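Below is one structure, written out as structure tokens; comments come after it.
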Amino acid sequence: MPSDYDATEFVDGDFQTHLPAHSAGRLERAPTREEVDSKVAAAQQRLAELKREKDEVERERAALEETRRRQMEFQTGRAEMVQNLTRGLGLLEEAEFSARRDAEQMSKAMLDLREALEKIETVHEETWTRENFNVELTRALTTLENARMEWNSARLKFPTLSAPAQDLRDPGSTAAAPATVLAGKQGFGELCRLGLALTWPLALVALVVATALLLLLLRR
């Protein structure tokens, strides 16, 4: 009894799978212009998004670098100022201590000098008598010597006391100083003209007197 015919029994499925599309009867169509334009637009949009993301990343990087720079500036400035302020405080504290010590020494020296001055001013020679002359003289010399010791000690501690007193200087030397300086700064010609300017009135008077005497002699 003959069996029914089955066409699939003679078809190799693996062979059919690896056949080209046109051989298998499934040809792919070419992309249309609209599809290409759409893909180009999508690619451009993607590029624009990537550019925006890049710009955003660049701005974020610049902001982070600025923050890092400011942090480094703060840390460096803080370390510098801590060092400077610490050193400055130490120096000022030392200077303040020295100034306070000098002020205390100056105050004590002023008290000693004032006391020595008062002791000298209490010595009155007019009250001495013949009987107590030697005793009072010895006491006065002792007072004077103690005052001299206080003065010399103060001069060693405070150099300003060793400066020459302006009011004790000879007034004549002070008055002559400008003339000396003026003469030193002027040349010989300038000095001659200056001397002529100062002496021409006297020369004119002498010339008038000589002319008058000459006329009197001629009349005789």
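The values are calculated or read from the model by the stated rules, or taken from the named source; none is laboratory data. Bear in mind the structure is a predicted one, so any value in this text is a computation, not a measurement. Don't worry about glycine lacking a Cβ; one is built from the backbone with ideal geometry, like all the others, and counts go over all protein chains shown.
Evaluate the following for THR129: is it surrounded by 10 or more Cβ atoms within 10 Å (Cβ to Cβ) and either at pLDDT 90 or above or hydroxyl-bearing (Ser, Thr, Tyr) (or both)?
Considered against the rule, which asks whether it is surrounded by 10 or more Cβ atoms within 10 Å (Cβ to Cβ) and either at pLDDT 90 or above or hydroxyl-bearing (Ser, Thr, Tyr) (or both), THR129 comes out as no.
If the requirement is being more than 21 Å from TRP151 (Cα to Cα) and surrounded by 10 or more Cβ atoms within 10 Å (Cβ to Cβ), which of these qualifies: LEU111, LEU92?
Going through LEU111, LEU92 in turn, just one is more than 21 Å from TRP151 (Cα to Cα) and surrounded by 10 or more Cβ atoms within 10 Å (Cβ to Cβ): LEU92.
Take ALA99 and tell me if it is in a helix (DSSP H, G or I) and within 30 Å of PHE158 (Cβ to Cβ).
Numbers: in a helix (DSSP H, G or I): yes; within 30 Å of PHE158 (Cβ to Cβ): yes.
Answer is yes for this residue.
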